[in-house]
1. Going by amide H atoms built from the backbone, whose H comes under 5 Å of the H on residue 177, apart from near neighbours?
2. Taking the chain as a Gaussian network, where each spring joins two C-alpha atoms under 10 Å apart, which residue of 72, 139, 30 fluctuates the most?
3. Compute the convex hull volume of the Cα atoms of the stretch 5-92, divide it by the residue count, and report the result per residue in Å³ as a whole number.
4. Put a dot 7 Å past each Cα toward the Cβ at residue 1 and residue 57; how far apart are the dots in nm?
5. Label residue 104 and residue 69 with points 7 Å out from Cα along Cα→Cβ: what is the distance between them in nm?
6. Say we join alpha carbon atoms closer than 10 Å with springs in a Gaussian network model of the chain; which of 170, 35, 151 then has the biggest fluctuation?
7. Three principal axis extents, largest first, for the C-alpha atoms of the stretch 95-188, in Å?
8. Taking 0.36 nm per residue of separation and subtracting the Cα-Cα distance, what length does fully extending residue 188 through residue 88 add?
Amino acid sequence: MLFPVALHPSIGDGSVTVAFRRWKRPTVVAGGTLLTAVGQLAIDAVDEVDEADLTDADARAAGHPSLDDLRATFRPGDDRTLYRIRFHVAGDDPRAALRADDDLDPDGRRSIDEQLARWDRASASGPWTVATLQAIGAAPGAPSRLLAPELDVDQPTLKRRVRQLKGLGLTESLEVGYRLSPRGRRYLDP
C-alpha cells in the first residue's frame, strides 16, 4: 500500500490516520504492520465501506480537503470493494537503522550471502541479486523504467526485487529511483 509523497508529513505527525483503497481482497490486515517511507504503520482496522456512506470527515482523515477530492482519486467504473484502512505510526522503519549499519562482520556478511543465494536459486530467470545491486550502485537515482531493461526484467519484477534487497538493508528508495545504502555499498565493496 503506497502513499503519495505529499501525505508523508501528515501521516508522520498523525493527522492522517485513514486510507481508502479499492481491492479484490485486502492487502493488509488489522493487527498487522506496514513498512512505509514514513515509518512502520500499525494497521488498526480494515473495513468494507460503501462509497455513498463516506463523509467529509472521512476525506479529511485521509488527507483530502473534501469528499469530492477523495472521490476523484477513485477510478471510474472500478467494481472492486472499497475498504477503509485505519492506522497509526508505530515507530521508525527498522530497515533505516539496518541500512546505516555498514559494519559488516563475517556473520553479517555470511547471512546476507546466504539470503541472496536463496533468492538466486529460487529465481526462474537465474541469479539476479548481485547484478541488481551493481546496476543500482552504478546509476544511483535511476528509475525502474531505465534499470529494468538493463537487467532484462519487467518493472514490476524489478520493483519487487528491490523491495527484497531493501528488506536486507542494502538499498533505499529515493523520490525517483534507488540507491545503495551504506550497508549495500559496504557489501559490494568489502
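1. 144
2. Comparing 72, 139, 30 in the GNM, the peak value goes to 72.
3. Taking the convex hull of the Cα positions in the stretch 5-92, it is 92 Å³ per residue.
4. The modelled label-to-label distance comes out at 2.0 nm.
5. Result: 4.5 nm between the two label points.
6. Largest GNM mean-square fluctuation: 151.
7. 34, 30, 19
8. Contour length minus Cα-Cα distance gives 32.4 nm.
Computed from the coordinates by the stated procedures, all read-outs in this text should not be read as laboratory data. Please read all numbers here as calculations on a predicted model, not as lab measurements. Because the Cβ atoms are built from the backbone with ideal geometry, glycine has one as well, and the counts that use them run over all protein chains shown.
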